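The values are calculated or read from the model by the stated rules, or taken from the named source; none is laboratory data. Because the structure is predicted, anything quoted here is derived from the model rather than measured. FYI the Cβ positions are ideal-geometry reconstructions off the backbone, even for glycines, and counts take in every protein chain you see. Side chains included, ligands, DNA and RNA excluded: accessible areas come from the protein's heavy atoms. Shrake-Rupley method; radii C 1.70, N 1.55, O 1.52, S 1.80 Å.
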Amino acid sequence: MAAITIEKLSKHFPDGGETVVAVDELDLEIDDGDFVVFVGPSGCGKTTTLRCIAGLETVTDGDIHLAGERVTDTPPEDRDIAMVFQSYALYPHMTVRENMGFGLKYATDHGADYIEERIQKAAGMMGIGELLDRKPADLSGGQQQRVALGRAIVRDPKAFLMDEPLSNLDAKLRAEMRTYLQELQEELGTTTVYVTHDQTEAMTMGDKIAILKDGRLQQFGTPAECYHEPSNTFVAEFLGEPSVNLIEMELDDGRITSAYFECETDSSLTTAGGHGEVIVGIRPEAVELSDGDPSAPTEFHAEVNVVEHLGRESNVHVTVSGTSDELTAIVEGRPAFTGGEQVTVRISEAAIHLFDARTGDVLRNATADGTDKIHRTPQQADS
Ligand code: ATP
């Protein structure tokens, strides 16, 4: 088991005459035994970072430490890290037993009895004990993935690196394996870095998540921190389904205003440079709909576009009357209103996330318990 420290890691690839910056000055401290998920859109640098940790890519700049030791230039076979890929990467001509024992047989001095003992233990944990004499072609996709995971466990490495390991499985099996992997990691306590572009996997599996965009770290924290206290509009939008509502408004002397909405906020809040352009973020679960009339500056009329019934709750998509601003609300059960009807929307001041419209950076977060959290701009912090 081992902590992983990434310091100012950069990785550039040549691309014709150009340079692709896949990872850009990434700093990250992964604690011993933590399950950390790298998440972000396609091309944000998740896999490249993972491959740098594994030693499969040379780094352009920066350092990587594993269990307190600098491994930046250490060959992959000497890092004692096990990787699990989306493609399973099993040897087709070998049995499950041979696939699982391969690394121990050729990369260590362990005897056959010890290796068989490790294989039996890992196969037991993965529930594939009866498949040990089969070849990969005779296994289902889910079973192949269990073998690939079993092969990683057998080695008892310092860390597991997993690159979209569940992507090839159907939705039901993926959900099952998600829970299974979490239980397994808890039992083994092995530091794990898991790459996915799926925000549900990130939110449900990670002790912590690292959200990347264009090779740069946007936020690193627990799923709850990143969801309730997003550091910018990108993180706010990336986490949560349906997505957060983002609406352009004005900030002036502690008041947030638009053509149809007005509320007080902390009077010390300003954007970088003091311009008044802000983006108000409201999670769909914080948008309240009713059939009454607006009776406060935080309430306004809207027209229902579509109602999506999901069983326990419904997503209601509305357009603010007289504007093109669209909002989504999550409503318990089956709401009474349907498409074309007028409703009154209420947004509680405590539920508002406020971002600088020019930089996207957060100015204020609504937190889970309803108390707001002010983020000072560097200028404010200096004064
Ligand atoms: P995905 O979810 O699609 O796998 P990712 O977040 O894992 O994406 P990376 O595979 O790390 O992203 O790629 C980051 C950037 O680096 C992309 O722009 C990609 O095109 C580029 N890149 C990755 N590997 C190479 C390479 N060998 N040569 C040139 N460019 C590369």
Exercise. Look at the range 160-173 and say how many of its residues are within 16 Å of the ligand (Cβ to nearest atom) and outside any strand (DSSP E or B).
Key: 5
Quiz item: So which residues in the range 164-188 are farther than 20 Å from Asp32 by Cα and not aliphatic (A, V, I, L, M), if there are any at all?
Solution: Glu164, Pro165, Ser167, Asn168, Asp170, Lys172, Arg174, Glu176, Arg178, Thr179, Tyr180
Quiz item: Got at least one residue in the range 113-128 being loosely packed, with under 13 Cβ neighbours inside 10 Å, within 31 Å of the chain's Cα centre (by Cα) and free of Cβ contacts under 8 Å to residues at least 60 places away in the same chain?
Solution: yes
Quiz item: Which ones in the range 195-218 are more than 10 Å from the ligand (Cβ to nearest atom) and either under 17 Å from Lys11 (Cβ atoms) or in a strand (DSSP E or B) (or both)?
Solution: Lys208, Ile209, Ala210, Ile211, Arg216, Leu217, Gln218
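Okay, residues lined up against (1) among the hydrophobic types (A, V, I, L, M, F, W, C); (2) at positive phi; (3) open to solvent by 30 Å² or more (accessible area, probe 1.4 Å); (4) part of a loop (DSSP other than H, G, I, E, B):
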position	(1), (2), (3), (4)
Val278	yes, no, no, no
Gly281	no, no, no, no
Glu285	no, no, yes, no
Glu288	no, no, yes, no
His301	no, no, yes, no
Thr323	no, no, yes, yes
Quiz prompt | Sole residue being closer than 29 Å to Thr271 by Cα and modelled with pLDDT under 95, chosen from Ala336, Ala351 | solution = Ala351
Practice problem: Could you please let me know if Glu225 is closer than 25 Å to Ala357 by Cα, open to solvent by 60 Å² or more (accessible area, probe 1.4 Å) and modelled with pLDDT under 95? | Solution: yes
